[in-house]
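Right, one structure below, let's go through it.
The values are calculated or read from the model by the stated rules, or taken from the named source; none is laboratory data. Model, not experiment: these values are computed from the prediction. Don't worry about glycine lacking a Cβ; one is built from the backbone with ideal geometry, like all the others, and counts go over all protein chains shown.
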Amino acid sequence: MADLVYHNTRQNLSTGNLSSFTYYNENTQNKEGIFTLVNLDYSHDFSKDSRLSFSGLFERADLSGITYNLNVQYPNINDTIQYTVNPNTNPLNAYRAKMDYQKTIGSCSFQTGYQFRYDHQQGEFLYQTLVNGSKQFVTDPNFSSSVRVSNRIHAGYVQYNGSSKAFNYAAGLRLERSERDLLLSNTGRQNQLRLTNLFPSFQIRYALSEHSILKVGYNKRVKRTNNFELNPVPEREHSETLEQGDPDLLPEFTGTYEAGIEYSFGKNTLFATLYHQRIANPIQRVNSVFADTILNRVFTNAGSALQTGLEANLNIGLGRVWQFILGGNLYDYQIKGRIFNGALQVQNRSLVYSINSTQSFNLPQNWLLQLSINYISQRATAQGEDGAFLTPHFTVKKTTANKRWYFQFQWLNMDAGLNISNRQRITTWGNDFYTTTHYIYEPDQLQFSVGFNLSRKNRKIVLPKVKWAKKNFNLL
């Protein structure tokens with residue numbers, strides 16, 4: 001929900017005359033979803049050194065939502081300028097089938113497997129505008145459509161792990177075939193994407209001593225698009241913003257080279273890692289001018305990016321009560337390429353740092369106190385910069401003696417009137433626009449929860465969690 005007062009001023013460049021206009025915007029977005037998850041696992045041991053396992057998963061999410069966007073005169077808020085309503089439904093069905101085989105040979109192990117994933121969404125998106133002076137809504141066909149998206153992914157992998165007195169090593173290769181289809185009802189346009197990719201990985205660990213380990217490695221990963229980023233139907237995010245996706249968006253591929261050291265002393269650990277990442281097709285939100293006071297915000301692939309930095313973490317137990325964790329990341333980030341079908345060149349760079357710390361106090365009678373702080377500095381984007389972001393949290397937790405019940409109180413996004421937490425300024429600019437927005441999210445959230453752990457043979461049962469629905473829930 002956002003309640004904003006806009007004061008727009010326009011200048012006629014030929015005459016120099018100024019005109020101003022003030023109005024109030026009330027924007028409310030409601031989302032809801034009903035989630036169903038079914039999971040089945042089976043494994044068979046041929047011997048103590050050989051295992052075959054199968055798993056299957058089905059996920060169903062009935063996602064729906066509605067956005068109300070009201071513009072009225074200000075300060076006389078009884079006069080409506082424009083009122084739009086964007087209802088939508090977007091149910092999701094997803095399936096996953098997986099088979100893995102593992103064989104141990106002495107101190108080495110061999111693994112291979114296959115996985116098939118499929119998800120499908122059929123979204124209905126309407127853009128309705130109230131006819132002033134009446135109670136009738138008309139549907140704008142330019143901003144309304146049904147969108148059908150399906151993804152199929154076949155993946156097979158092999159991995160070999162080995163060890164000797166001082167060395168541990170692992171090497172793997174995954175072959176992936178992905179197929180994506182998107183169909184828009186209002187244009188009849190069908191977008192297809194077919195990709196075949198290899199994902200190699202390796203890591204070598206060498207014990208310098210009893211307490212220190214040197215490691216080097218490489219891996220390639222993929223960040224897939226979600227259906228919100230693909231949906232080209234514009235949504236009136238706020239009065240000054242139309243937001244839409246790109247049906248031709250490519251997934252983001254990251255190759256990471258790293259070298260580091262781990263050191264342990266007692267039950268305490270320290271690690272530091274130098275890394276270099278090469279990112280192809282970084283997914284970014286970019287802006288263009290839709291009208292003189294409205295920006296069109298679009299997801300796009302912004303060329304390529306490089307990230308080089310140092311990450312470190314310290315974990316110390318101070319007595320039996322206090323667990324101290326401090327981590328940090330310092331890196332140089334560069335992004336460059338062309339956007340808007342090659343029409344505009346972008347190049348930006350920044351030095352970024354992040355700090356995270358967790359202080360845990362394990363008190364008698366199964367009481368736990370925990371304070372965590374996460375902070376990230378300003379960082380460059382394709383068209384500007386995202387501001388610093390701070391999120392402190394505090395937790396009090398009580399677990400019963402048999403560890404079946406727990407009672408938890410959380411103070412999330414702690415601010416206490418300081419006006420520094422859970423807020424961020426995002427700034428973008430182009431040849432014909434400059435915009436900066438200070439986003440203030442809900443601080444000082446208080447939550448109380450009660451939980452009961454299901455146990456079987458003294459083991460906690462790990463229940464499956466929704467995956468596809470969580471990734472796509474923000475598309476509403």
Suppose we filter Phe228, Phe202 for residues that are of a type in the set (Phe, Trp, Tyr) and either touching a Cys at 6+ places or on another chain (Cβ under 6 Å) or without any contact (Cβ under 8 Å) to a residue 40 or more places away in the chain (or both); which single one remains? Phe202
Can you find even one residue in the range 5-19 that is part of a loop (DSSP other than H, G, I, E, B), of a type in the set (S, T, N, Q) and surrounded by 12 or more Cβ atoms within 10 Å (Cβ to Cβ)? no
State whether one or more residues within the range 262-269 are surrounded by 18 or more Cβ atoms within 10 Å (Cβ to Cβ) and more than 24 Å from the chain's Cα centre (by Cα). yes
If you go through the range 127-144 one residue at a time, do you hit one that is of a type outside the set (Ser, Thr, Tyr), surrounded by 14 or more Cβ atoms within 10 Å (Cβ to Cβ), on the phi < 0 side of the Ramachandran plot and in contact with a helix residue (DSSP H, G or I) (Cβ under 6 Å, 6 or more places away or on another chain)? no
Provide a single number: the residues in the range 123-138 that are touching a Phe, Trp or Tyr at 6+ places or on another chain (Cβ under 7 Å) and either within 30 Å of Arg177 (Cβ to Cβ) or not hydrophobic (A, V, I, L, M, F, W, C) (or both). 3
Name the residues in the range 53-64 that are in contact with a helix residue (DSSP H, G or I) (Cβ under 9 Å, 6 or more places away or on another chain) and closer than 28 Å to Thr241 by Cβ, would you? Ala61, Leu63
What's the total number of residues in the range 183-212 that are farther than 23 Å from Leu173 by Cα and among the charged types (D, E, K, R)? 2
Please go through the range 388-424 and pick out each residue that is surrounded by fewer than 18 Cβ atoms within 10 Å (Cβ to Cβ), closer than 30 Å to Phe340 by Cα and at pLDDT 95 or above. Ala388
Does Leu463 satisfy the condition of being modelled with pLDDT of 75 or more and within 23 Å of Trp405 (Cα to Cα)? no
Go through (1) within 22 Å of the chain's Cα centre (by Cα); (2) of a type in the set (S, T, N, Q); (3) surrounded by fewer than 15 Cβ atoms within 10 Å (Cβ to Cβ) and name the single condition Asn78 misses. (1)
Residues that are polar (S, T, N, Q) and either outside any strand (DSSP E or B) or crowded, with 18+ Cβ neighbours inside 10 Å (or both), drawn from the range 355-387: Gln365, Asn366, Ser377, Gln378, Thr381, Gln383
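Can you find, within the range 145-171, the residue that is farthest from Leu126 (Cα to Cα) among those that are aromatic (Phe, Trp, Tyr) and surrounded by 15 or more Cβ atoms within 10 Å (Cβ to Cβ)?
Narrowing the range 145-171 to residues aromatic (Phe, Trp, Tyr): 157, 160, 167, 169.
Add one more test, that the residue is surrounded by 15 or more Cβ atoms within 10 Å (Cβ to Cβ), and what stays is 157, 160, 169.
Working: Tyr157: 43, Tyr160: 51, Tyr169: 54 Å.
The qualifying residue farthest from Leu126 (Cα to Cα) is Tyr169.
Would a scan of the range 167-181 turn up a residue that is polar (S, T, N, Q) and out of contact with any strand residue (DSSP E or B) (no Cβ under 6 Å at 6 or more places or on another chain)?
no
Filter the range 443-460 down to the residues that are at pLDDT 85 or above and not polar (S, T, N, Q) and list them by number. Show your work before the answer.
So in the range 443-460, the residues at pLDDT 85 or above come out as 443-452.
Within the range 443-460, Pro443, Asp444, Leu446, Phe448, Val450, Gly451, Phe452 qualify.
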How many residues are within 16 Å of Gly245 (Cβ to Cβ), crowded, with 17+ Cβ neighbours inside 10 Å and under 23 Å from the mean Cα position of the chain (by Cα) when one looks only at the range 172-226? 5
Which is closer than 29 Å to Val222 by Cβ, out of contact with any Leu (no Cβ under 9 Å at 6 or more places or on another chain) and part of a strand (DSSP E or B), of Tyr101, Tyr114, Tyr95, Tyr157? Tyr114
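Can you find a residue in the range 254-270 that is among the basic types (Lys, Arg) and farther than 20 Å from Gly384 by Cα?
First, pick out the residues of the range 254-270 that are among the basic types (Lys, Arg): 267.
So of that shortlist, the ones also farther than 20 Å from Gly384 by Cα come out as 267.
The answer is yes, given that some residue of the range 254-270 is among the basic types (Lys, Arg) and farther than 20 Å from Gly384 by Cα.
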Show the residue pairs that are 6+ apart or on different chains and have beta-carbon atoms under 9 Å apart, the first residue being within the range 402-425 and on the phi > 0 side of the Ramachandran plot, the second being among the charged types (D, E, K, R) and modelled with pLDDT under 95. Lys403/Lys460; Asn413/Glu442; Asn413/Asp444; Ala416/Asp444; Gly417/Asp444; Asn422/Asp415; Asn422/Glu442; Asn422/Asp444
For Ser43, the lone unmet condition from (1) of a type in the set (Gly, Ala, Ser); (2) under 30 Å from Asp292 (Cα atoms); (3) exposed (fewer than 14 other Cβ atoms within 10 Å of the Cβ) is (2)
For the range 287-345, enumerate the residues that are over 26 Å from the mean Cα position of the chain (by Cα) and assigned to a loop (DSSP other than H, G, I, E, B). Asp292, Thr293, Gly319, Arg320, Val321, Gly342, Ala343
Members of the range 430-448 found to be more than 12 Å from Leu412 (Cβ to Cβ) and either assigned to a strand (DSSP E or B) or polar (S, T, N, Q) (or both), listed by number: Gly430, Asn431, Phe433, Tyr434, Thr435, Thr436, Thr437, His438, Tyr439, Ile440
